[in-house]
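The values are calculated or read from the model by the stated rules, or taken from the named source; none is laboratory data. This is a predicted model, so every value here is computed, not measured. We place every Cβ from the backbone using ideal geometry, glycine too, and count neighbours over all the protein chains shown.
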Amino acid sequence: MPAPIDYATLAAAAICELAPYEPGKPPAELEREYGVSNAIKLASNENPAGVAPGVVAAISAAIRDINRYPDGAGFALRAALSEQLSVAPEQLTLGNGSNDILVMLAEAFLTPEHSAIYDQYSFVIYRTAVQATGAQARVSASLTTNEGQRLGHDLTSILGLIDGTTRLIFIANPNNPTGTWVGSDALKAFLQQVPEHVIVVLDEAYHEYALGDGYADTVPWLNDFPNLVITRTFSKAYGLAGLRVGYAVSAAGIAELLNRIRQPFNVNNLAQVAALAALNDTNWVERSCEQNKQGLKLLQSGLAQLEIPTVPSKANFLLAEFGQDAAGCNEYLLRNGVIVRPVANYGLPGYLRISVGMPAELVVLLTQLADFQKSIQ
Ligand SMILES: *Cc1c(COP(=O)(O)O)cnc(C)c1O
């Protein structure tokens, strides 16, 4: 037997600092571990209604061709996005989920000599993507109650962290896990102050849910801000989380750089046809967003009745404050077959993030929460 190798001593130093991503628990895992059945998953901000009917038909038709490599250029999907967004196909980059694109952006623009900025409570993938390159991560403090939207991005603080080494700023709008958002005017004023050597990545994973009421469609802004990259996904409102497909809209020059490091077949056949079908059924997405608004209201008022504070959200989830009961409550829910998302890994140990499920699922959740409160009285 050879002596064991300490592989960490061989790995890139930046990799040794990373913690693996903790996904929401899959229902099958909960059912195995806790012996429950019919688990309800409210942990990963998926669309609880499923997918548009045309998606299933498109996948069924395309499944016969999975012996072939996908179209590496994603021609049909990029053409459809180009038309819907009124941008040139050369401005679009497809990703294996928008996560893939966030990592590509870090790879393309960051080295150990550079820095990147993101908010303290923003999407955890920014940290991983930045740290893996060895670049310096500059973490801006979130807003507190006194300054504006509690736990939201502090754009002034972000501007203050920019210097000559800065190449990327990540802004999640709306943000995960907080649900907070940056209004159209504030965002535009911010972009006007960011120097051109800094690429601003506007992560709009929840864009479809948030549109309206001071939340802008930012794609037309690309004409004014050549250093802007907008990322979106089919994982949330379009209901295709399991297939992994997202995209970036940017200046063609940025897309061209990303295309150099993109894995040749990063978006698979079925994901491409499914995304195309999903994109074409605009009614279905609109209905999903409307259902989400209703569900969000139901969840919000239910939690308010239980005197559980929440952070106002424009997305398809709510960040709810449980204080020192958060871990206990999470465990109670798991034992009763309800999966929500602990966010201690985001630095928010007193909170749980709850996705907007179907109304019946939310009723089960709210009942369980009331039972939990009784159990600890
Ligand atoms: C879910 C999410 C994503 C990306 O998800 P993909 O499935 O990789 O497209 C990106 N950003 C935020 C803020 C998210 O919550």
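Among the residues making up the range 117-142, those that are in a loop (DSSP other than H, G, I, E, B), under 19 Å from residue 164 (Cβ atoms) and not β-branched (Val, Ile, Thr) are 134, 135. For the structure I just gave you, tell me whether residue 141 is away from the ligand (no atom under 16 Å from the Cβ) and more than 25 Å from residue 208 (Cβ to Cβ). Yes, satisfied. Residues that are more than 14 Å from the ligand (Cβ to nearest atom) and touching a helix residue (DSSP H, G or I) at 6+ places or on another chain (Cβ under 6 Å) do not occur anywhere in the range 144-152. One residue stands out in the range 250-272 among those that are surrounded by 24 or more Cβ atoms within 10 Å (Cβ to Cβ) and aliphatic (A, V, I, L, M): the one that is nearest to residue 93 (Cα to Cα), namely 267. From the list 319, 366, the lone residue that is buried (at least 23 other Cβ atoms within 10 Å of the Cβ) and either under 19 Å from residue 298 (Cα atoms) or among the charged types (D, E, K, R) (or both) is 319.
Please verify whether the range 71-81 includes one or more residues that are within 21 Å of residue 209 (Cα to Cα), of a type in the set (Gly, Ala, Ser) and at pLDDT 95 or above. Looking through the range 71-81, at least one residue is within 21 Å of residue 209 (Cα to Cα), of a type in the set (Gly, Ala, Ser) and at pLDDT 95 or above. Looking only at residues in the range 98-128 that are within 11 Å of the ligand (Cβ to nearest atom) and among the small types (Gly, Ala, Ser), the one that is surrounded by the most Cβ atoms within 10 Å (Cβ to Cβ) is 98. Of all the residues in the range 207-246, those that are touching a Phe, Trp or Tyr at 6+ places or on another chain (Cβ under 8 Å), among the hydroxyl-bearing types (Ser, Thr, Tyr) and within 11 Å of the ligand (Cβ to nearest atom) number 2. Count of the range 26-51 residues, restricted to those that are at pLDDT below 95 and within 16 Å of the ligand (Cβ to nearest atom), is 1.
Within the range 229-247, residues that are within 15 Å of residue 44 (Cβ to Cβ) have Cβ atoms under 8 Å from residues that are of a type in the set (Asp, Glu) and more than 7 Å from the ligand (Cβ to nearest atom) in these pairs: 235/46; 236/46; 236/208; 237/208; 238/208; 239/46; 241/46, counting only partners at least 6 apart in sequence or on another chain. Residue 54 meets the conditions (1) within 14 Å of the ligand (Cβ to nearest atom); (2) more than 24 Å from the chain's Cα centre (by Cα) in every case but one. The failed one is (1). Return the residues of the range 65-97 that are touching a Leu at 6+ places or on another chain (Cβ under 8 Å), surrounded by 18 or more Cβ atoms within 10 Å (Cβ to Cβ) and assigned to a loop (DSSP other than H, G, I, E, B); say none if nothing qualifies. Residues satisfying the conditions are 74, 87. Quick one: in the range 14-36, of everything that is assigned to a loop (DSSP other than H, G, I, E, B) and farther than 27 Å from residue 115 by Cα, which residue is farthest from the chain's Cα centre (by Cα)? Checking each candidate, the answer is 35. Kindly indicate whether any position in the range 12-22 is within 16 Å of the ligand (Cβ to nearest atom), under 16 Å from residue 233 (Cα atoms) and acidic (Asp, Glu). Checked against the condition, which is being within 16 Å of the ligand (Cβ to nearest atom), under 16 Å from residue 233 (Cα atoms) and acidic (Asp, Glu), the range 12-22 yields no hits at all.
Within the range 153-186, the residues that satisfy the criterion of being over 20 Å from the mean Cα position of the chain (by Cα), part of a loop (DSSP other than H, G, I, E, B) and not small (Gly, Ala, Ser) are 161, 162, 163, 165. Being under 12 Å from residue 117 (Cβ atoms) and either touching a Gly at 6+ places or on another chain (Cβ under 9 Å) or among the polar types (S, T, N, Q) (or both) is the filter; apply it to the range 158-191 and report the residue that is surrounded by the fewest Cβ atoms within 10 Å (Cβ to Cβ). Of everything passing the filter in the range 158-191, 165 is surrounded by the fewest Cβ atoms within 10 Å (Cβ to Cβ). Can you say whether residue 22 is of a type in the set (D, E, K, R) and touching a Pro at 6+ places or on another chain (Cβ under 9 Å), as far as the supplied structure shows? Yes. It is to be established whether one or more residues within the range 187-202 are more than 15 Å from the ligand (Cβ to nearest atom), in a helix (DSSP H, G or I) and either small (Gly, Ala, Ser) or under 19 Å from the mean Cα position of the chain (by Cα) (or both). So far as the range 187-202 goes, yes, one or more of its residues are more than 15 Å from the ligand (Cβ to nearest atom), in a helix (DSSP H, G or I) and either small (Gly, Ala, Ser) or under 19 Å from the mean Cα position of the chain (by Cα) (or both).
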